[in-house]
């Protein structure tokens, strides 16, 4: 929690911060702590986006998701914006690069993303090797905070 306090007390926040840990439970607890201590706009991406997609054909999901994330960030009245439960973005059939999606949409806004993975030796991973959503980025080029 000390790292998060330092982040929220800083006058110069990066436009995008990935908060990384392999434990989804730990990330969820962290989201609860952030929301209880700081003024943030929380978006449970998995819950909200899946409900939004229900009436739409699967063939439109990729473009709808990209637009939905952009709109959520653009319409937020409070910053930073905290995204949690982002697993849906990593579905291989969607052909979305979640890191690029957040980078592109955080240029003018402060965005925090709870990232279920690992960051070591300048290598960012999402999920574990055996998971179908597993991805790796070398030199991700964003601010990353390991819990």
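Mind telling me which of the residues 3, 47, 39 ends up being out of contact with any helix residue (DSSP H, G or I) (no Cβ under 8 Å at 6 or more places or on another chain), surrounded by fewer than 18 Cβ atoms within 10 Å (Cβ to Cβ), touching a residue at least 24 places away in the same chain (Cβ under 8 Å) and closer than 24 Å to residue 134 by Cα?
Values: 3 fails: closer than 24 Å to residue 134 by Cα; 39 fails: closer than 24 Å to residue 134 by Cα.
After ruling out the rest, the residue left standing is 47.
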Single residue of 65, 24 found to be surrounded by 12 or more Cβ atoms within 10 Å (Cβ to Cβ) and either touching a helix residue (DSSP H, G or I) at 6+ places or on another chain (Cβ under 7 Å) or free of Cβ contacts under 8 Å to residues at least 60 places away in the same chain (or both): 65
In the stretch 103-116, the residues that are within 25 Å of residue 32 (Cα to Cα) and free of Cβ contacts under 8 Å to residues at least 60 places away in the same chain: 105
Count of the stretch 29-71 residues which are part of a helix (DSSP H, G or I) and within 24 Å of residue 10 (Cβ to Cβ): 9
Leading residue by the ranking (farthest from the chain's Cα centre (by Cα)) among those in the stretch 72-83 that are surrounded by fewer than 19 Cβ atoms within 10 Å (Cβ to Cβ) and outside any helix (DSSP H, G or I): 77
Any hit, the stretch 95-116, residues being surrounded by fewer than 17 Cβ atoms within 10 Å (Cβ to Cβ), over 19 Å from residue 17 (Cβ atoms) and modelled with pLDDT under 95: yes
Filtered residues of the stretch 12-21 (kept if touching a strand residue (DSSP E or B) at 6+ places or on another chain (Cβ under 9 Å) and surrounded by fewer than 21 Cβ atoms within 10 Å (Cβ to Cβ)): 13, 14, 15, 21
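For the stretch 52-60, indicate whether the set of residues that are within 15 Å of the chain's Cα centre (by Cα), over 23 Å from residue 136 (Cβ atoms) and surrounded by fewer than 19 Cβ atoms within 10 Å (Cβ to Cβ) is non-empty.
Looking only at the stretch 52-60, we keep the residues that are within 15 Å of the chain's Cα centre (by Cα), and these are none.
No, that holds for no residue.
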Tabulated pairs, the stretch 117-130, first over 22 Å from residue 28 (Cβ atoms), second surrounded by fewer than 17 Cβ atoms within 10 Å (Cβ to Cβ), C-beta under 7 angstrom, 6+ apart or interchain: 122/138; 122/139; 123/136; 123/138
Conditions (1) modelled with pLDDT under 95; (2) surrounded by 13 or more Cβ atoms within 10 Å (Cβ to Cβ); number of the one not met by residue 92: (2)
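Quick one: would you say residue 86 is under 13 Å from the mean Cα position of the chain (by Cα) and within 18 Å of residue 133 (Cα to Cα)?
Numbers: under 13 Å from the mean Cα position of the chain (by Cα): yes; within 18 Å of residue 133 (Cα to Cα): yes.
Against the criterion (under 13 Å from the mean Cα position of the chain (by Cα) and within 18 Å of residue 133 (Cα to Cα)), residue 86 qualifies.
The values are calculated or read from the model by the stated rules, or taken from the named source; none is laboratory data. Just so we're clear, the structure is a prediction, and the values are computed from it rather than from any experiment. Every residue, glycine as well, gets a Cβ built from its backbone with ideal geometry; the counts of neighbours run over all protein chains shown.
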